[in-house]
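These notes concern the structure reproduced below.
The values are calculated or read from the model by the stated rules, or taken from the named source; none is laboratory data. Predicted model, so just to flag it, every value in this text is computed and none were measured. Here the Cβ is made from the backbone with ideal geometry for all residues, glycine too, and neighbour counts use every protein chain on show.
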Amino acid sequence: MAKSTLSFVCQNCGAAYNRWQGKCESCGEWNTLAEEDTSGSVPVSIRSKRKGRTFALESLSGKSPDAPRLSSGMTELDRVTGGGFVRGSVLLVGGDPGIGKSTLLTQATSLLARAGHRVVYISGEEAVAQVRLRAERLGLSDAPVQLAAETSVEDIVSTLSEGAVPRLIVIDSIQTMWTDTVESAPGTVTQVRASAQALIRFAKKTGAAIILVGHVTKDGQIAGPRVVEHMVDAVMSFEGEGSQQFRILRAVKNRFGPTDEIGVFEMTGLGLREVTNPSELFLSERDLGTPGTAVFAGIEGTRPVLVELQALVAPTSLGTPRRAVVGWDPSRLSMVLAVLEAHCGVKLSGHDVYLNVAGGLRIQEPAADLAAAAALVSSLVNAQLPTDAVYFGEISLSGVIRPVAQTPARLKEAAKLGFQRAVLPESARGESGGDAGLSLNAVNSLTTLVAEIAARGSRSGESNAPAEKNATPARFRRGEG
Ligand code: TYD
Ligand code: MG
């Protein structure tokens, strides 16, 4: 006999509990538990008695009827998916409401439809007229995208099973979909999961690629995309600072491509514009000549990206000074601060420290350590760093600057954007020489860098100045060209 399967399910992560509680122990979110019937879609009687049918086993080398990947025609989007949408794959695009997911997918589907593919756009959130209005604004009304405002998964699957198999289907959004097979209300974990499962089954059976849009929600009113993340082939998140025009599409998981690539877009009055050279964009509004800013020569995926790090170090009135960081790992900042204190005599315990990566980019590389340290010290001693220099290098706990990968690519990008010099790890110098035409300032320890910046400072005589007085600054070496 089937027992009652009512339980409390976290709408953020999907963890189930027997009783209600304020905080989800699995993901730590508050007020996200909602009562749901989790008995599943298959009646127990069928589940236990059904005999498995046999199926044919296939070889790895079989031929697929069509090109396995479908290029979207948007270079930045293709870069993140790893070269296009894979047949029969399901991709989840998550992001805050209003970030531009529908805009991105309207543009991508229109390009594909114009190229002659059968593309279907199912909107569960907006009426057909609203989607048309957006297309009109984007100048894409003439694209032969097949459009519907529907929310029933069964109806969608039956409709799409007729005629030629669509190459791409967009479901905007998965949180508005519902299936008859489960009782729960649309937007709950059980519904979102069951709907996603039905759509994934359809994609695998027919070979159509499906994009599921998922809203990231903070309040837990509707299930977050995390509950379907493990079911889909690829997860992309569409991010951006509300006030800024830049949007970054990031691969979080990808069974068919890299996960460290980013695609950069700019939201304009006429939709999303692809940004093929992100460095130019991130550096376009630089605070030239302000103490506390350093340009980091980073690598995102396969592409070098220059971005400005901004630091503010200010005396604190609090017992515990503030450490705030946007766009970088807070524990990485703590480590850099600790190394500055322990090895370079830079006292920061009486100061609030703020670090910000300009342009809304999120840096994950340890190579940003050196640029962060330079920006911090520059702000502390109120000394402006050279505006034509880029910084990169990893700082070890002993204060040694360690080499990082892809030095030539970083230098080349810096040279391309008109930078004259690079501050980099000692051991990286021999690697690429002055190929890029930059003068290289190789530093082997953080102490050297701190001494160099302090020497530029106008307030270097203050008590906060580095204790290491006799550190010899590495000489700038002019490269050819
Ligand atoms: P939308 O794609 O509807 O966001 P999502 O689907 O992620 O909720 O984008 C909504 C925002 O984008 C809205 O604030 C208006 C802005 N926008 C533009 O700035 N330019 C445009 O051409 C379009 C279509 C939208
Ligand atoms: Mg939308």
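Taking the condition under 30 Å from the mean Cα position of the chain (by Cα), part of a loop (DSSP other than H, G, I, E, B) and of a type outside the set (D, E, K, R), does residue 186 pass? So residue 186 fits the description; yes. The sole residue among 412, 416 that is surrounded by fewer than 24 Cβ atoms within 10 Å (Cβ to Cβ), within 18 Å of residue 428 (Cα to Cα) and not aliphatic (A, V, I, L, M) is 412.
Residues in segment 83-106: is at least one within 10 Å of ligand 1 (Cβ to nearest atom), under 16 Å from residue 71 (Cβ atoms) and within 30 Å of the chain's Cα centre (by Cα)? Yes, some residue in segment 83-106 is within 10 Å of ligand 1 (Cβ to nearest atom), under 16 Å from residue 71 (Cβ atoms) and within 30 Å of the chain's Cα centre (by Cα).
Being hydroxyl-bearing (Ser, Thr, Tyr) and either within 16 Å of ligand 1 (Cβ to nearest atom) or modelled with pLDDT of 85 or more (or both) is a property that does not hold for residue 38. Reported count of residues in segment 257-292, each being more than 12 Å from ligand 1 (Cβ to nearest atom), more than 17 Å from the chain's Cα centre (by Cα) and farther than 15 Å from residue 76 by Cβ, is 10. Of the set (1) in contact (Cβ under 8 Å) with a residue 40 or more places away in the chain; (2) away from ligand 2 (no atom under 16 Å from the Cβ); (3) of a type outside the set (S, T, N, Q); (4) not in a helix (DSSP H, G or I), all apply to residue 97 but (2). Does segment 360-379 contain any residue that is buried (at least 16 other Cβ atoms within 10 Å of the Cβ), in contact with an Asp or Glu (Cβ under 7 Å, 6 or more places away or on another chain) and of a type in the set (D, E, K, R)? For segment 360-379, residues buried (at least 16 other Cβ atoms within 10 Å of the Cβ), in contact with an Asp or Glu (Cβ under 7 Å, 6 or more places away or on another chain) and of a type in the set (D, E, K, R): present.
Within segment 213-229, not a single residue is more than 19 Å from the chain's Cα centre (by Cα), away from ligand 1 (no atom under 16 Å from the Cβ) and not small (Gly, Ala, Ser).
Restricting the search to segment 311-333, which residues are over 30 Å from the mean Cα position of the chain (by Cα) and among the small types (Gly, Ala, Ser)? Hits for segment 311-333 are 314, 317, 319. When restricted to residues that are in contact with a helix residue (DSSP H, G or I) (Cβ under 7 Å, 6 or more places away or on another chain) and within 14 Å of residue 360 (Cα to Cα), segment 304-326 contains 7. Among the conditions (1) more than 28 Å from residue 201 (Cα to Cα); (2) crowded, with 16+ Cβ neighbours inside 10 Å; (3) out of contact with any helix residue (DSSP H, G or I) (no Cβ under 8 Å at 6 or more places or on another chain), the only one that residue 280 does not satisfy is (2).
Kindly check whether there is at least one residue in segment 156-176 that is closer than 19 Å to residue 6 by Cβ and outside any loop (DSSP other than H, G, I, E, B). No, segment 156-176 has no match at all. A search for C-beta distances below 7 Å between a residue of segment 186-205 that is under 18 Å from residue 160 (Cβ atoms) and assigned by TED's automatic domain parsing to the domain that holds residue 234 and any residue that is surrounded by fewer than 20 Cβ atoms within 10 Å (Cβ to Cβ) and of a type outside the set (A, V, I, L, M), counting only pairs 6+ apart in sequence or on different chains, returns 194/41; 194/181; 203/88; 204/88. Go through the residues of segment 162-178 one by one and say whether even a single one is within 23 Å of residue 9 (Cβ to Cβ), more than 16 Å from ligand 1 (Cβ to nearest atom) and crowded, with 16+ Cβ neighbours inside 10 Å. There is at least one residue in segment 162-178 that is within 23 Å of residue 9 (Cβ to Cβ), more than 16 Å from ligand 1 (Cβ to nearest atom) and crowded, with 16+ Cβ neighbours inside 10 Å.
Among the residues of segment 111-136, the ones that are among the polar types (S, T, N, Q) and either more than 10 Å from ligand 2 (Cβ to nearest atom) or assigned to a helix (DSSP H, G or I) (or both) come to 1 in all.
Can we say residue 141 is assigned to a loop (DSSP other than H, G, I, E, B) and touching a helix residue (DSSP H, G or I) at 6+ places or on another chain (Cβ under 6 Å)? In short, yes.
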